[in-house]
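Undergrad: Following this message is one structure expressed as structure tokens.
The values are calculated or read from the model by the stated rules, or taken from the named source; none is laboratory data. Fair warning: this is a prediction, and the values are worked out from it, not measured in the lab. Positions of Cβ are backbone-derived with ideal geometry, glycine not excepted, and every protein chain shown enters the neighbour counts.
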Amino acid sequence: MSEQIPEAPRLNPAQQQVLDELGSTDRPTFRDDLRDHLRHEIEEAIAPLLDAHHHITVDQPLFLSKRKLSLVHGCEARYLADLTDEFSWSIPAARGTVAHKAIEILITRRGNPTPLDLVNDAMDRLELDERSLGEFIRGLDEAERAELVGSVNDFVSTFVESFPPIKRQWVPVAESRSRANLCNDRVVLQGVTDLSLGRSRGNEAGKVLIDLKTGRPQAGHIDDLRFYAFLETLKFGVPPRLLVNYLLESGEPRKEQVTEDMLWTTGKRVVDAVEKLLALETGEREARRTPSGVCRFCPIQSDCAEGTQHLAVLDDAVAPASPIS
């Protein structure tokens, strides 16, 4: 009697939803010269700005990341404060990085490791890093380390249980890096996508870019992915077909189709950021203050009347009502 091949395990409803939403057979086709037109237009707009600021050179280029774009298009005062504020790690700040590393190990590791195995492996690897996060992890006591492992294990367990098992045929790539050098290497755009699946076929888009989010959803998250899509287009000439913010707390994918209009809008956002950055860092522009929910984590919050007032309004809105006497 021939040996029966075991059936593949059934997906639960959450996994099936992700597979249905990310695995669409719709593959848009983009024109051959899109990359060249995007690069030409953005360099034409940026070059005059650079020519007026001679300190931006090949040896000292202007670097732009998703964080810089987000900060300068948010509160400009916080952006300037961020330039001089010394970042320090904490357990909440480290959770996202450890979770991303654990999921990266899940994608590349053979066998069937448990979420807790993945988290402990991620901690062990990051602990060996000579940079600041490694130093932070090495300095944790047993209780603090257990707290960090436990909170990250929750995120990773949610991902394993709500995301369909990733097949090698999907061409998964974790921590995919992209870089674009513009204006004779005087401006450098760079980004790291948490996870990409699929690939293009000729001019037919097929790649899905996924950002894994450990915190609450924010309006700016989709701008981060649009920036990654822009970098992918400059790198390969073909944009990805889909952008997904995957919320690890809820196991919820939030997606957006990539269009040519989106890429042009993102290019304009990059140009506007370059103009603001140069003007702010040279003192040609006074920094504007734009209060938002992230004021709570701003290094200058205690000295910012606008931010303090905004947070007071938010706190009043969620304060429990007084009991009726």
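Undergrad: From (1) buried (at least 16 other Cβ atoms within 10 Å of the Cβ); (2) in a strand (DSSP E or B), pick out the condition that doesn't hold for Glu256.
TA: Condition (1) is where Glu256 drops out.
Undergrad: Which residues, taken from segment 119-139, are free of Cβ contacts under 8 Å to residues at least 40 places away in the same chain, under 21 Å from Thr214 (Cα atoms) and of a type in the set (A, V, I, L, M, F, W, C)?
TA: Val119, Ala122, Met123, Leu126
Undergrad: For segment 226-234, indicate whether the set of residues that are surrounded by fewer than 23 Cβ atoms within 10 Å (Cβ to Cβ), modelled with pLDDT under 95 and either assigned by TED's automatic domain parsing to the domain that holds Thr265 or hydroxyl-bearing (Ser, Thr, Tyr) (or both) is non-empty.
TA: no
Undergrad: Follow-up question, since we're still on this one. Quick one: Ala143 ticks every box in (1) in a helix (DSSP H, G or I); (2) in contact (Cβ under 8 Å) with a residue 12 or more places away in the chain; (3) surrounded by fewer than 12 Cβ atoms within 10 Å (Cβ to Cβ); (4) not β-branched (Val, Ile, Thr) except a single one, so which number is it?
TA: For Ala143, the failing item is (2).
Undergrad: Please specify each residue of segment 281-309 satisfying the condition of being of a type in the set (A, V, I, L, M, F, W, C) and over 13 Å from Leu80 (Cβ atoms). Working first, answer last.
TA: Taking segment 281-309 first, the residues of a type in the set (A, V, I, L, M, F, W, C) are 287, 294-295, 297-298, 300, 304-305.
Hits for segment 281-309 are Val294, Cys295, Phe297, Ala305.
Undergrad: Considering only segment 288-314, how many residues are surrounded by 12 or more Cβ atoms within 10 Å (Cβ to Cβ), within 22 Å of the chain's Cα centre (by Cα) and part of a helix (DSSP H, G or I)?
TA: 4
Undergrad: While we're here: Are any residues in segment 203-259 under 15 Å from the mean Cα position of the chain (by Cα) and acidic (Asp, Glu), and if so, which ones?
TA: Looking only at segment 203-259, we keep the residues that are under 15 Å from the mean Cα position of the chain (by Cα), and these are 208-232, 242-248, 253-256.
Correct list: Asp211, Asp223, Asp224, Glu232, Glu256.
Undergrad: Moving on. Quick one: would you say Ala122 is assigned to a helix (DSSP H, G or I) and either surrounded by fewer than 18 Cβ atoms within 10 Å (Cβ to Cβ) or within 20 Å of the chain's Cα centre (by Cα) (or both)? Walk me through it before giving the result.
TA: Numbers: assigned to a helix (DSSP H, G or I): yes; either surrounded by fewer than 18 Cβ atoms within 10 Å (Cβ to Cβ) or within 20 Å of the chain's Cα centre (by Cα) (or both): yes.
The answer is yes for Ala122.
Undergrad: Please verify whether segment 11-23 includes one or more residues that are more than 30 Å from Glu161 (Cβ to Cβ), part of a helix (DSSP H, G or I), outside the structural domain of Arg145 (by TED's automatic domain parsing) and in contact (Cβ under 8 Å) with a residue 40 or more places away in the chain.
TA: First, the residues of segment 11-23 that are more than 30 Å from Glu161 (Cβ to Cβ): none.
The answer is no; no qualifying residue exists.
Table: residues versus (1) assigned by TED's automatic domain parsing to the domain that holds Thr158; (2) among the aliphatic types (A, V, I, L, M).
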position	(1), (2)
Ala52	no, yes
Asp59	no, no
Leu71	no, yes
Gly74	no, no
Tyr79	no, no
Arg109	yes, no
Asn112	yes, no
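Undergrad: Here is a follow-up. Give me the residue from segment 43-64 that is buried (at least 18 other Cβ atoms within 10 Å of the Cβ) and closer than 9 Å to Arg186 by Cβ and, out of that set, nearest to the chain's Cα centre (by Cα). Working first, answer last.
TA: So in segment 43-64, the residues buried (at least 18 other Cβ atoms within 10 Å of the Cβ) come out as 46, 49-50, 56, 62, 64.
Checking the rest, the ones that are also closer than 9 Å to Arg186 by Cβ come to 46, 50, 56, 62.
Numbers: Ile46: 24, Leu50: 27, Ile56: 26, Leu62: 20 Å.
Only one residue tops the list, namely Leu62.
Undergrad: Something else now. State whether the residues of segment 243-256 include one that is within 17 Å of Arg39 (Cβ to Cβ) and not assigned by TED's automatic domain parsing to the domain that holds Leu106. Explain how you work it out, then say what you get.
TA: Just the residues of segment 243-256 that are within 17 Å of Arg39 (Cβ to Cβ), to begin with: none.
Looking through segment 243-256, none of the residues is within 17 Å of Arg39 (Cβ to Cβ) and not assigned by TED's automatic domain parsing to the domain that holds Leu106.
Undergrad: Next up: Go through (1) in a strand (DSSP E or B); (2) surrounded by fewer than 19 Cβ atoms within 10 Å (Cβ to Cβ); (3) touching a residue at least 60 places away in the same chain (Cβ under 8 Å) one by one and return the number of the condition Val192 breaks.
TA: In the conditions (1) in a strand (DSSP E or B); (2) surrounded by fewer than 19 Cβ atoms within 10 Å (Cβ to Cβ); (3) touching a residue at least 60 places away in the same chain (Cβ under 8 Å), Val192 misses (3) alone.
Undergrad: For Ala93, which of the numbered conditions (1) modelled with pLDDT under 90; (2) over 14 Å from Phe136 (Cβ atoms) fails to hold?
TA: Ala93 satisfies every listed condition except (2).
Undergrad: So Arg67 fits all but one of (1) at pLDDT 95 or above; (2) within 26 Å of the chain's Cα centre (by Cα); (3) not small (Gly, Ala, Ser); what number is the exception?
TA: Condition not satisfied by Arg67: (1).
Undergrad: Working only within segment 187-202, note down all residues that are more than 19 Å from the chain's Cα centre (by Cα) and closer than 15 Å to Asn245 by Cα.
TA: We begin by selecting, within segment 187-202, every residue more than 19 Å from the chain's Cα centre (by Cα); these are 187, 199-202.
Listed by number, the list is empty, since nothing qualifies.
Undergrad: For segment 259-280: of the residues being modelled with pLDDT of 95 or more and among the basic types (Lys, Arg), which is surrounded by the most Cβ atoms within 10 Å (Cβ to Cβ)?
TA: Going through the qualifying residues, I end up with Arg269.
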